[in-house]
Amino acid sequence: MPVVRINGIQLNYEEHGTGDPVVMVTGTGAPGRMWRTHQVPALKAAGFKVITVDNRGIPPSDPCAEGFTLDDMAADIAGLIEHLGVGPCRVVGFSLGGIIVQELLLARPELVRSAVLMATSGRADTFATAQAIAEMDLADSGVKLPPRYAAYVNALQSLSPQTLADEQRLRDWLDIFEISAIDLASVRGQLGLQLIPDRLPAYAAIRCPCLVLGFEHDLIVRPQLTREVADAIPGARYTEIPGCGHYGYLEKPAAVNAALVDFFTAPLAAGAAAPGGGRVTVPSGGRAAVPAGDPVAVPAGGPVAVPAGGPLAVPAGGPFAVPAGGPVGAESRS
């Protein structure tokens, strides 16, 4: 577990596998090891090197008890990418981690090739504000919930109705939640960071290819808030994973992993090369299908712009596939 000094603090990270790098950013109170069970093996099998990080406030990274901001956390990820020399790279953010990645895309766009934003949001609505304030009040009170009660609350908030109705699976989840219960006071610095103003207008400046994943039964970051982020980012794709709650990446790992791998291996998200070293420019709007079904966004029926004037390089050298012989045009994003 290497620990490096980044952005004025000690930051812990891990590297798994070899290949093109994927940096994964966790949510509130979560350590980087949360990705090990499902996402790290799937991405390694797909030929990627996975870099996980313990955000500031999560030991063994510095606790930063004096407080910190979203900008600090985005700068930490930027600094780690620069330290490792892996930019521009693919980045995944979950929950608070998704908000961090969104700020990274605005502040340091040259460091990110493509991004997946899971269970993220672009504003704190009334319910999210109430939840964050309640958790901060609990942390400041000094009261510690009994582990079994904390496990029950976590299950109720974070799991889908399907899992709650499956008695054996629910027992397993309750056991996991009980032994891994988080003391909110220990992550107090992160609790208020989702109390963000409306950042959706700012996301119109993001030009990085983005996949936004919502989880159908998420009560912590309701999927309508996540879809707002996809609607705000030009050309972003939105996918909602059914049958899971806030921990969708653990409840439905096969579906989440397939979405990650498919997106990161598509020509656009992979940074498809054009002759002369250029990359495909993808304004918001329509979509054209290429072989193997990989989507490439194009502007409302316009051509794909390629730096250096070269044609689009497609895996196996295939040309654009145009359904029914029609021209490349615009299609609505779902």
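Structure notes:
- Packing rank of 169-178, 183-192, where each peptide gets the mean count of other beta carbons within 10 Å, highest leading: 183-192, 169-178
- Cα gyration tensor shape of segment 138-183, rounded if a/c is under 1.5, else prolate or oblate by comparing a/b with b/c: prolate
- Note on segment 13-43 and segment 67-109: Cα centroid distance 14 Å, given to the nearest whole angstrom.
- Trypsin sites (Lys or Arg not before Pro) within segment 1-42: DSSP coil, no more than 16 neighbouring Cβ in 10 Å: Arg36
- Theoretical gain in end-to-end length, Glu167 to Leu195 [0.36 nm per residue, Cα-Cα removed]: 6.6 nm
- Each peptide among 120-132, 16-28, 96-108, 57-69 gets the average number of other Cβ atoms lying within 10 Å of its residues, and from highest to lowest they stand as 96-108, 16-28, 120-132, 57-69.
- Cα gyration tensor shape for segment 214-270, rounded if a/c is under 1.5, else prolate or oblate: oblate
- Overall form of segment 54-138 per C-alpha gyration tensor (a/c, 1.5; a/b vs b/c): oblate
- With Rh defined as the Kirkwood radius, the inverse of the mean 1/r over Cα pairs, the Rg/Rh of segment 121-239 is 1.03.
- Computed over the Cα atoms of segment 33-73, the ratio of the radius of gyration to the Kirkwood radius (Rg/Rh) comes to 1.14.
Quick note: the coordinates plus some simple rules give every number you see, no bench work behind them. A quick note: this is a predicted structure, and the numbers were derived from the prediction, not measured. Here the Cβ is made from the backbone with ideal geometry for all residues, glycine too, and neighbour counts use every protein chain on show.
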